[in-house]
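Below is one structure, written out as structure tokens, with a few remarks after it.
Where a number appears in this text, it was derived from the coordinates with a stated rule and is not lab data. For clarity, every value in this text was computed on a predicted model and none was experimentally measured. Counting neighbours? That spans all protein chains shown, and the Cβs are built from the backbone with ideal geometry, glycine included.
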Amino acid sequence: MAVFSSMILARTNNNPEILASVNIAFGVGASIGAMIFSIWGGLKLRIHGMLIGTGVTEFAKILLSLARDPLIWIVTATSGGFFMPWLGSCNQAIWLSKVEPGIQGRIFASRFLIAQITTPLGLGISGPLDDNIFEPAMKTGGSLANIFGGLFGTGAGAGMALQNPLFSGLGIVICLCGYRFHNLRNVEFILPDHNS
């Protein structure tokens, strides 16, 4: 998500209304998803909700990068936002059920710190990659423009549009690996609940 705002602005001639519309659509999708998820209660195995929610959200990011039309961005952002509560709620529910209440504060603070470290790390990596590698390569006549230009276009924002699916694709691969990794896939059976 680090360069989505920049990508949308670059592809819309710095139109803040379109960027705001996409961000609002993401928020609306997340709100609808959270309401439905809270009424429904989610999947029986929460690890599936976490992995599927992550995979679908990452897939929506790929679609956002492939599209060049604001209406498609809005629809895709809404559908991607819809699944965000799946991963957050299921992840949190697993942790709440497995960690003793007496140490939850310390564990969750440490977990939050580790998770938040990735945001500046992602920005610190994606910005220079975009400025120095992807954007120049996707300019008209650039080294990657002939290969990927048909999918992502060329010119402003095309390098960011190419970069996003690479990282989102890694996210999908990690989700699929989560299903292959026995200890993660079966975490709800392997670790006892704190109240059992």
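What fraction, in whole percent, of alpha-carbon pairs in the stretch 133-196 exceed 15 Å separation?
That tail contains 61 percent of the Cα-Cα pairs.
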_Residues of type lysines that Lys44 reaches as a straight line, Cα spacing below 30 Å, ignoring anything fewer than 8 places off in the same chain_ = Lys61, Lys98
_Below 8 Å, C-alpha to C-alpha, sequence gap of six or more: please give me the relative contact order for the stretch 58-194 in percent._
33 percent
*Given labels modelled 7 Å from the Cα in the Cβ direction, how far is it in nm from Glu100 to Ile125?*
3.5 nm
_Under the span-like rule (Cα at least 24 Å along the axis, Kyte-Doolittle mean at least -1.0), DSSP H helices of the chain_ = 16-40, 46-66, 70-98, 104-129, 158-180
*The list (1) 18.3; (2) 22.9; (3) 17.4 gives values of Kirkwood radius over Cα pairs in Å, and only one came from this structure; which label was calculated from it?*
(1)
*Which far-off residues, 5 or more places away or on another chain, put their amide H under 5 Å from the one on Lys139, with H placed in the peptide plane?*
Gly155
*Out of Leu87, Pro70, Ser126, whose Cα points farthest toward the positive end of the dipole of the stretch 4-190 (charges: +1 Lys, Arg; -1 Asp, Glu; placed on Cβ)?*
Leu87
